[in-house]
Amino acid sequence: MEFKIFHIRKDSAPPHNTEREEVLPIDGFHVVLEHHFYELEFHYFELPVNTDVFIDDVEVDKSLITNDEHTGNVTVGLGQHFSNQLGHATVRIGNDESFQVRVDASKLSSEDAEGMITYLYRKNKSLILQLFTKEEVDGKDNNSTISMTRLSPLEKFINEMENVLPALAHSPRYSTTQDREIQDFATANIDEQSIDWLLEHLDELYFDDALKDHPDAIEIDGQYTVIDRIDAPVIKMEYATYENECILGGFYWARKLVDDLITHIDKVNGQKSLVQNEGSGYATFESAQVIINAQAIEDAQDIKTRLYRLERKYMQLFPNTKPNVHPPLLTKRFSSVNVYSNIFLNLLQVYNLKLDTQNDSGAVKTSFLDQIYELYTYYQLYDALLECFKDFNYKLEISDTEEGEFIPKRVSIQPINGKWQMNLLYQPQIGREPGDTHLVLHGKPHRDSFYYTPDFVLEYCDPHLSLRYGILDAKYKMAKTVLEQDLKESSFKYYTCVRVIGEKRDHQKPDFLWLICPNACYGRPVWTMNYDDNFLPIIGIVMNNAESNDPIKQSIKKMMREWNVGI
């Protein structure tokens with residue numbers, strides 16, 4: 001069976017000419033753009049029993065599928081078949097052959113993707129790993145391996161060794177040995193060998209009759225001298241015991257694992273070039289992985305630094321001790337002393353760790369780019385609000401994240417000494433009666449809508465208990481599409497059909513409606529419907545991406561100024 005993809009382009013201006021171009025495979029993959037329109041064709045020599053088409057096990061709408069037995073073609077009609085996806089997708093017809101497609105994100109440049117993923121990685125590392133890596137998606141809880149996305153076993157080893165260090169410093173394991181050394185005469189435990197040593201070194205003593213009255217003077221053959229140092233027996237504590245050698249060996253093994261991991265990540269990054277879709281600069285899943293891997297190297301370097309510093313402390317505790325790099329054996333000391341027992345268990349865990357180099361995430365994908373952009377927008381709004389209130393003494397309350405969600409439902413900012421409150425709400429329901437907010441539906445909303453759910457709502461309760469609202473909706477779409485398709489509908493939903501209940505004005509409306517998207521609208525980072533931005537309401541489109549997050553910050557600051565927040 002032969003599989004073909006055709007890229008369909010239609011001119012926006014009359015006469016709306018349509019161009020149909022075949023997407024030729026590159027290195028075994030058909031490369032497509034996630035929001036573009038395509039037709040799929042399967043050319044068969046024997047009629048397949050089942051002509052249902054699946055993209056990553058999601059069935060394509062049967063109404064789009066036609067089967068021409070005369071030409072031997074099964075065709076999937078025009079559609080955005082790879083919308084909202086990034087990475088590798090599998091296209092399958094019935095139970096027959098499957099074909100690999102690589103999906104690039106056309107709404108984000110590679111620079112935007114790099115900045116966005118790096119920013120989100122630092123904000124919520126575990127979630128980004130869940131979205132972009134295979135092992136987190138698989139949900140495996142394996143404490144016997146480490147990888148570029150699983151450093152927690154090493155972090156646990158470091159934390160445990162840090163915790164036991166104070167107790168170990170009070171009772172480290174050592175052995176005693178008899179030795180001799182030159183000591184201070186006044187405190188030395190002098191024995192017969194000390195006298196013999198003194199007689200052998202008489203020529204090193206200074207004799208003077210003037211020392212006769214010195215309190216520490218001694219007389220030898222009628223001459224007087226003062227003895228400062230003498231050879232005497234001493235009991236030494238030797239810390240180079242088997243147990244202590246094993247402890248230092250554990251640090252050696254942990255550092256070796258980190259070094260091997262960094263070498264492996266560098267090798268993976270060398271194999272994954274930043275694929276740029278014939279130089280167009282579109283974001284690819286491979287580029288996202290390289291960015292995450294670079295962050296993983298930073299994390300591994302941090303682990304390595306912590307290991308080195310902690311190892312130095314243990315080496316100071318065990319002077320003249322060399323590491324034993326073999327797995328420890330259970331000794332009486334390891335089994336009978338609590339602190340050493342805990343260390344023994346930690347050593348066993350670190351020696352049992354293996355480097356996972358097989359779990360390559362190159363064949364996985366993410367299919368919720370809109371949620372990633374929504375998450376990015378949330379953190380940008382969160383940071384913008386905190387920047388607005390950096391000069392305030394306030395308390396911050398963040399609700400727990402609900403199961404299956406990435407974003408908390410409510411972030412509340414309230415001054416320590418003040419009566420106002422600012423709330424950032426995620427997906428509040430706006431219905432006929434007040435619920436999550438004091439926004440309610442009125443007029444004639446869509447017949448099938450019992451409530452509206454914008455992505456974000458800013459709610460400000462001023463000192464006089466008056467409520468002000470701004471609605472912000474993240475749109476992972478091109479600004480031109482948002483302007484032509486979403487702005488009118490959103491204005492109807494969130495302005496015409498919504499009011500603030502309980503206010504003095506019977507029909508008070510939200511003051512702001514911002515649609516947030518990754519690029520500028522006709523070159524304008526902030527595009528508004530208003531002729532004069534000094535009058536409310538303000539309805540418009542705001543650009544928000546990693547290259548320029550200033551528009552969203554300035555829009556939030558404008559809302560704060562209009563509401564006289566904190567005054």
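The values are calculated or read from the model by the stated rules, or taken from the named source; none is laboratory data. Only a predicted model underlies this, so the values are computations on that prediction, with no experimental measurement involved. Methodologically, a virtual Cβ is constructed for each residue, glycine included, from the backbone with ideal geometry; neighbour enumeration extends over all protein chains shown. Accessible surface is based on the protein model in full, side chains and every heavy atom, while ligands, DNA and RNA are left aside. Shrake-Rupley method; radii C 1.70, N 1.55, O 1.52, S 1.80 Å.
Some points to look at:
- Qualifying residues in segment 525-558 (those that are farther than 17 Å from Met116 by Cα, in a loop (DSSP other than H, G, I, E, B) and polar (S, T, N, Q)) - the one most open to solvent (accessible area, probe 1.4 Å): Asn534
- Qualifying strands (runs of 3 or more DSSP E) (wholly inside segment 149-229; at least 2 residues being of a type in the set (S, T, N, Q) and touching a residue at least 60 places away in the same chain (Cβ under 8 Å)): 175-184
- Taking each residue of segment 484-502 that is on the phi < 0 side of the Ramachandran plot and looking for partners that are loosely packed, with under 15 Cβ neighbours inside 10 Å and basic (Lys, Arg) with beta-carbon atoms closer than 8 Å, six or more apart or interchain, yields Cys497/Lys444.
- Matching strands (runs of 3 or more DSSP E) fully within segment 31-104 where at least 2 residues are open to solvent by less than 40 Å² (accessible area, probe 1.4 Å) and touching a helix residue (DSSP H, G or I) at 6+ places or on another chain (Cβ under 7 Å): 73-79, 86-93
- Single match in Ile158, Ile195, Ile190 (criterion: of a type in the set (Val, Ile, Thr), at pLDDT below 90 and either surrounded by 14 or more Cβ atoms within 10 Å (Cβ to Cβ) or closer than 30 Å to Leu261 by Cβ (or both)): Ile190
- Which listed residue is buried (at least 17 other Cβ atoms within 10 Å of the Cβ) and either in contact with a Leu (Cβ under 9 Å, 6 or more places away or on another chain) or modelled with pLDDT under 90 (or both), from Tyr376, Tyr426: Tyr376
Rundown of residues vs (1) assigned to a loop (DSSP other than H, G, I, E, B); (2) open to solvent by less than 60 Å² (accessible area, probe 1.4 Å); (3) at pLDDT 90 or above, yes/no style:
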| position | (1), (2), (3) |
| --- | --- |
| Gln358 | yes, no, no |
| Gly362 | yes, yes, no |
| Ile372 | no, yes, no |
| Leu381 | no, yes, yes |
| Ala384 | no, yes, yes |
| Glu387 | no, no, yes |
| Phe392 | yes, no, no |
| Thr401 | yes, no, no |
| Phe406 | yes, yes, no |
